[in-house]
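**Q** There's a structure below that I have some questions on.
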Amino acid sequence: MSERDDFTAFEQAVAAVLDGLGPGDIMTYGEVAAEAGYPGAARAVGAFMRTKEGFPWWRIVAANGRLVPGLEVEHARRLRAEGLTVEEGRIPMR
């Protein structure tokens with residue numbers, strides 16, 4: 001039995017979206033929520049990211065491109081290692 005067997009439907013859907021991200025991919029919390037089938041649940045995605053381990057948290061940013069508060073240095077380091085540009089604590093959004 002996997003740890004994910006205990007996930008709610010929402011958590012399983014979010015995990016599936018996150019599992020699909022590869023190096024250099026970024027999404028916003030809102031985009032993850034929408035792709036998982038739960039539009040408007042950006043804050044719930046954030047809560048998921050804070051409580052579940054093993055997911056590429058560094059590939060998720062705020063809608064304005066802001067990095068995770070308190071983890072900006074590590075967040076920027078991981079994104080730059082994947083070839084992304086980080087400017088003044090943000091990812092330039094398209």
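**Q** Could you please tell me which pairs satisfy a Cβ distance under 6 Å, a separation of 6+ or placement on different chains, a first residue in region 43-58 that is at negative phi and at pLDDT 95 or above, and a second residue that is of a type in the set (Gly, Ala, Ser) and buried (at least 17 other Cβ atoms within 10 Å of the Cβ)?
**A** Listed by first residue and then by second, the contacts come to 45/33.
**Q** Oh, and also: Restricting to region 57-78, give me the number of residues that are open to solvent by less than 80 Å² (accessible area, probe 1.4 Å) and either in contact with a helix residue (DSSP H, G or I) (Cβ under 6 Å, 6 or more places away or on another chain) or assigned to a strand (DSSP E or B) (or both).
**A** 8
**Q** Also, quick follow-up: Restricting attention to region 12-29, and to residues there that are crowded, with 17+ Cβ neighbours inside 10 Å and not hydroxyl-bearing (Ser, Thr, Tyr), which single residue is nearest to residue 74 (Cα to Cα)? Show your work before the answer.
**A** So in region 12-29, the residues crowded, with 17+ Cβ neighbours inside 10 Å come out as 13-15, 17-18, 26-29.
Okay, now just the ones that are also not hydroxyl-bearing (Ser, Thr, Tyr), so 13-15, 17-18, 26-27.
Values: 13: 26, 14: 23, 15: 22, 17: 22, 18: 19, 26: 15, 27: 17 Å.
Per the criteria, the residue is 26.
**Q** Let me ask something else about it. Just one of (1) in contact (Cβ under 8 Å) with a residue 40 or more places away in the chain; (2) loosely packed, with under 12 Cβ neighbours inside 10 Å; (3) not charged (D, E, K, R) trips up residue 92, so point out which.
**A** Every condition holds for residue 92 apart from (1).
**Q** From the set of residues in region 45-56 that are farther than 20 Å from residue 93 by Cα, in contact with a helix residue (DSSP H, G or I) (Cβ under 7 Å, 6 or more places away or on another chain) and not in a loop (DSSP other than H, G, I, E, B), which is most open to solvent (accessible area, probe 1.4 Å)?
**A** 49
**Q** State yes or no: is residue 37 out of contact with any helix residue (DSSP H, G or I) (no Cβ under 6 Å at 6 or more places or on another chain) and open to solvent by 30 Å² or more (accessible area, probe 1.4 Å)?
**A** Spelling it out, it is not the case that residue 37 is out of contact with any helix residue (DSSP H, G or I) (no Cβ under 6 Å at 6 or more places or on another chain) and open to solvent by 30 Å² or more (accessible area, probe 1.4 Å).
The values are calculated or read from the model by the stated rules, or taken from the named source; none is laboratory data. None of these values were measured; they are calculated from a predicted model. Cβ: placed from backbone, ideal geometry, glycine included. Neighbour counts: every protein chain shown. Note: accessible area is taken over every heavy atom of the protein model, side chains too, but ligands, DNA and RNA are not part of it. Shrake-Rupley method; radii C 1.70, N 1.55, O 1.52, S 1.80 Å.
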